[in-house]
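Visitor: There's a structure below that I have some questions on.
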Ligand code: ADP
Ligand code: MG
């Protein structure tokens, strides 16, 4: 990557300089506004701490949820400011606006090693505007927070696939650098995409085949095994001629699945049994059945134990694993076994076989934490759902390519 990175900025020196950072703090909140998974906040800390330690005056921009261009207290970054304060062990102020008077006053008032947040950048409709002039104007206001010898650090990997103001346009207004997280994500995912050590196992699940086609096409050629689970596997099973009853099914993808099965043959691993339920419910009854035995009107909500064992075996023998998409509805504890088995096999492969194991995809990463698994047991858990998939598919990431000048 021909981008300048944070280390170069730190070597130049950041003492007393205003450094504008784009982080990804788009964390899930419960009904009371409590953060239920702080993974993304934790992943932002190395960059922020390094800037603080270097004596920078740190101004962080981020979005939360979909406030759709309007100020909405429900999507305030207040819980994030609090979580950051706790983790960094110092006060993190939150401006009352995004690029207005309060943000500017607070930025001017920062002293060396202090850090502040501006409010949710998506409170401003110009953040996601398609109109370049509008974004340009907003970018100028944001960049002015770090006027005079300032710099921009792009560290919100989860948003680098979006050409939005705080990700893309602002990078053209200031000397721009890739933060530690963006750097590590790009390096790790590029290794999985371009130079995997074999045996290379790709594990795909999640809800829809259509969402994962690009990844299958990008990785299947290089992979030795492509493991299919999750909601998407039922379209493959239907293509094999099984009656999947009420399981998730994309009828318009059945032919595509047939073509993929013909093209990749033995390389594709499909379920041999499923955990079925009479309804989509946390407390639904569970029955382990063969592929032709899903009771009438029931649906597959997880891969079965025999499948899980087969998948785990392939993973344990790997030297590289890329996993995207849960094997079942892991949000229902009764249907989390398949996802857990795959994740545990990845941890075992990392530990016992020195395998390079990468988790991509928002829900997959969340499942690791929900299921109480050891995050450090994997080589890497990506913080970017869409961004990690787009990188893997070989698409341009505007928020990264804008950094290489
Ligand atoms: P990721 O965010 O990791 O890329 P996806 O968004 O593609 O993953 O899919 C995650 C969702 O897929 C989860 O919320 C999970 O409940 C759902 N899912 C997995 N298996 C099934 C299934 N058999 N039926 C319905 N939904 C499923
Ligand atoms: Mg998802």
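The values are calculated or read from the model by the stated rules, or taken from the named source; none is laboratory data. Keep in mind that this is a model prediction, so the values were computed, not measured. When we count neighbours, we look across all protein chains shown, and the Cβ atoms used for this are built from the backbone with ideal geometry, even at glycine.
Visitor: So which residues in the stretch 309-323 are surrounded by fewer than 23 Cβ atoms within 10 Å (Cβ to Cβ) and either assigned to a strand (DSSP E or B) or in contact (Cβ under 8 Å) with a residue 40 or more places away in the chain (or both)?
Guide: Start the filter on the stretch 309-323 by keeping residues that are surrounded by fewer than 23 Cβ atoms within 10 Å (Cβ to Cβ), which leaves 309-310, 312-314, 316-317, 319.
310, 314, 317, 319 - these are the residues of the stretch 309-323 that are surrounded by fewer than 23 Cβ atoms within 10 Å (Cβ to Cβ) and either assigned to a strand (DSSP E or B) or in contact (Cβ under 8 Å) with a residue 40 or more places away in the chain (or both).
Visitor: Which condition breaks for residue 232 when tested against (1) closer than 28 Å to residue 194 by Cβ; (2) crowded, with 22+ Cβ neighbours inside 10 Å; (3) away from ligand 2 (no atom under 16 Å from the Cβ)?
Guide: Status for residue 232: all satisfied but (3).
Visitor: Condition test on residue 396, is it part of a helix (DSSP H, G or I), away from ligand 1 (no atom under 12 Å from the Cβ), without any contact (Cβ under 8 Å) to a residue 24 or more places away in the chain and out of contact with any helix residue (DSSP H, G or I) (no Cβ under 7 Å at 6 or more places or on another chain)?
Guide: no
Visitor: For the stretch 241-253, indicate whether the set of residues that are more than 16 Å from ligand 1 (Cβ to nearest atom), out of contact with any strand residue (DSSP E or B) (no Cβ under 8 Å at 6 or more places or on another chain) and over 28 Å from residue 355 (Cα atoms) is non-empty. Write out each step before concluding.
Guide: Within the stretch 241-253, the first condition is being more than 16 Å from ligand 1 (Cβ to nearest atom), and the residues that meet it are 241, 252.
So of that shortlist, the ones also out of contact with any strand residue (DSSP E or B) (no Cβ under 8 Å at 6 or more places or on another chain) come out as 241, 252.
Next, from what is left, pick out any that are over 28 Å from residue 355 (Cα atoms): 241, 252.
Yes, some residue in the stretch 241-253 is more than 16 Å from ligand 1 (Cβ to nearest atom), out of contact with any strand residue (DSSP E or B) (no Cβ under 8 Å at 6 or more places or on another chain) and over 28 Å from residue 355 (Cα atoms).
Visitor: Could you figure out which of (1) outside any helix (DSSP H, G or I); (2) within 16 Å of ligand 2 (Cβ to nearest atom); (3) buried (at least 24 other Cβ atoms within 10 Å of the Cβ) isn't true of residue 368?
Guide: Only one criterion is unmet by residue 368, namely (1).
Visitor: Here's a follow-up. Just one of 137, 101, 127 is in the same structural domain as residue 17 (by TED's automatic domain parsing), without any contact (Cβ under 8 Å) to a residue 12 or more places away in the chain and either buried (at least 19 other Cβ atoms within 10 Å of the Cβ) or farther than 30 Å from residue 15 by Cβ (or both); which is it?
Guide: Among 137, 101, 127, only 137 is in the same structural domain as residue 17 (by TED's automatic domain parsing), without any contact (Cβ under 8 Å) to a residue 12 or more places away in the chain and either buried (at least 19 other Cβ atoms within 10 Å of the Cβ) or farther than 30 Å from residue 15 by Cβ (or both).
Visitor: Given the conditions (1) within 16 Å of ligand 2 (Cβ to nearest atom); (2) under 16 Å from the mean Cα position of the chain (by Cα); (3) touching a residue at least 40 places away in the same chain (Cβ under 8 Å), which single one is not true for residue 339?
Guide: (2)
Visitor: Sticking with this structure for a sec: If I filter the stretch 220-230 for residues that are within 16 Å of ligand 1 (Cβ to nearest atom), within 30 Å of residue 41 (Cα to Cα) and either at pLDDT below 95 or part of a loop (DSSP other than H, G, I, E, B) (or both), do I get at least one hit? Give the steps one after another, and end with the answer.
Guide: Initial filter on the stretch 220-230 (within 16 Å of ligand 1 (Cβ to nearest atom)): 226-230.
From the residues that got through so far, the ones that are within 30 Å of residue 41 (Cα to Cα) too are 229-230.
Next, from what is left, pick out any that are either at pLDDT below 95 or part of a loop (DSSP other than H, G, I, E, B) (or both): 229-230.
Checking the stretch 220-230: at least one residue is within 16 Å of ligand 1 (Cβ to nearest atom), within 30 Å of residue 41 (Cα to Cα) and either at pLDDT below 95 or part of a loop (DSSP other than H, G, I, E, B) (or both).
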